[in-house]
Amino acid sequence: MSDTLLVVNCGSSSLKLAVFSRDMQRQAQILAERLGTSDSSASIERKGQRQTLQLPDNSDHQQALTAVIEHLEQEAILEGAPLVIGHRVVHGGETFREATRIDQHVADAIHRCGELAPLHNPVNLNGIRAMQSLYPDTPQIAVFDTAFHQTLPDHAYLYALPRRCYQDWGVRRYGFHGTSHAYILRELAKKLDKPRSNVSLISAHLGNGCSVAAIENGQSRDTSMGLTPLEGLVMGTRSGDVDPGLFDFLQRKGLSQDSISRMLNQESGLLGLSGKTNDMRSLVQAADSGNRAAQEAIDVFCFRLARYIGAMMASLSHLDGLVFTGGIGENSPRVRAKTVRHLRLLGFEVDDAKNENHGQDNNGSINAAGHGIYVIPTDEEGMIAREALEAIDRSSD
Ligand code: AMP
């Protein structure tokens, strides 16, 4: 058995792998795309070099994983079975509060949680089964997007619906991006040199998917995503919050359930508002060249985010910092400044110069006065690897 840690993240038509050494140094990063088509390939990044591996036609996750692992072994990126394999699993329902070693009982429970995430959990399970057959003796750990938010109090996770919706069907706020929010908590605690259990923050994960979380003394107390990852902030192609009356309205207009679902998940958000792109970097460029719809998309994005940051304050008794992370949060001074401008009354103020260089000369800090504001790059794969290691330590105690 080698000293390598492997992280596997299976999406609907893609597959990401990351290889870490025992001391958490990233050795390689693999992205396989267009699975299930005649054009699927994997790009492998290692020590600044990129290689492309053509995958067999119409590869499913199992075939793609087998081909990628064979290649990693040939290239000596993997030498022997990994020490542990961490799998990103989207939905752990109320069953999983922490990363968990996978046995048949755990796999069955992940399958049952698939009712809440039908697009995600079944493919996550395909990845797990594929790795179990490739490495039957290696511990496989499931790391759940929802687990970090299992500390939400009743008043934050209950929807104001008839009780039976929760009791019979599990309809409640679960929250997602837990791995990223937990990593941000860890990093802020390190920066402040405080134990995690004393750190309170608002974490804004802004990537293609976006969510905020209120973390009080190291525990998640509220978050913007809900039963599904559709609720809350404006995202790349997802609407975030809309009036629930919209469903009725659109159905009366003749739209089917499938087309409404497609609209809200794939055709809305920054893409829907701008009519152009879901990519924030392109939107900023378009807005700078006078495109009004692009400017409005950015405005709506920042305003909704500011509203949610305000709402997260209701769950905190003190605040060590507001943290921006994810592709947009880490890289867009425009979004950070515009959002924080709405929050003056709550005591937030950005320092323009520090914001422009992403806090790089100030240990990530970008506030002028008032509450701390930070830019901290997230590392979901590194966090999954760490959590997987911690889980095997726990299971061997
Ligand atoms: P992620 O899902 O975390 O990779 O984030 C993807 C999002 O980050 C996309 O909307 C990108 O346009 C955005 N992004 C990446 N770099 C920048 C940048 N320099 N300025 C604005 N947005 C960026």
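Overview of values
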{"quantity": "Dipole-positive endmost among Y135, W169, L270 within the chain (Cβ charges, Cα centre)", "calculated": "L270"}
{"quantity": "Whole-Å distance, taken between Cα centres, linking the range 291-349 and the range 101-116", "calculated": "36 Å"}
{"quantity": "Computed over the chain: relative contact order in percent, which uses C-alpha pairs under 8 Å that are six or more apart", "calculated": "14 percent"}
{"quantity": "Spin-label pair R46/I77, simplified geometry with 7 Å Cα→Cβ offset, distance in nm", "calculated": "0.6 nm"}
{"quantity": "Share antiparallel - DSSP beta bridges, the chain, percent rounded to 5", "calculated": "70 percent"}
{"quantity": "Fraction of accessible area attributable to carbon and sulfur, the range 1-87 (%, probe 1.4 Å)", "calculated": "39 percent"}
{"quantity": "Å² of accessible area per residue within the chain, as computed with a 1.4 Å probe and no ligands counted", "calculated": "46 Å²"}
{"quantity": "Cross-link reach list, aspartates and glutamates versus K338, counting only Cα pairs under 19 Å and skipping chain neighbours closer than eight places", "calculated": "D279, D288, E296, D299, E330, E349, D351, D352, E356"}
{"quantity": "Theoretical ellipticity at 222 nm over the chain - DSSP helices of four or more residues, -39500 (n - 2.57) apiece, nearest 500", "calculated": "-11500 deg cm²/dmol"}
{"quantity": "Point-charge dipole on Cβ atoms (K/R +1, D/E -1) for the chain, about Cα centre, debye to 20", "calculated": "1000 debye"}
{"quantity": "Apportionment of accessible area to carbon and sulfur, the range 118-201, percent (1.4 Å)", "calculated": "51 percent"}
{"quantity": "Candidate aspartates and glutamates for bridging to K47, where Cα separation is under 20 Å - those fewer than 8 sequence places away on the same chain excluded", "calculated": "D3, D23, E70, E73, E75, E79, D379, E380, E381"}
{"quantity": "Percent accessible area from carbon and sulfur atoms, the range 261-386, protein chains only, probe 1.4 Å", "calculated": "45 percent"}
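The values are calculated or read from the model by the stated rules, or taken from the named source; none is laboratory data. This structure is a prediction, so every number in the text was calculated from the model and none was measured. Here the Cβ is made from the backbone with ideal geometry for all residues, glycine too, and neighbour counts use every protein chain on show. Accessible surface is based on the protein model in full, side chains and every heavy atom, while ligands, DNA and RNA are left aside. Shrake-Rupley method; radii C 1.70, N 1.55, O 1.52, S 1.80 Å.
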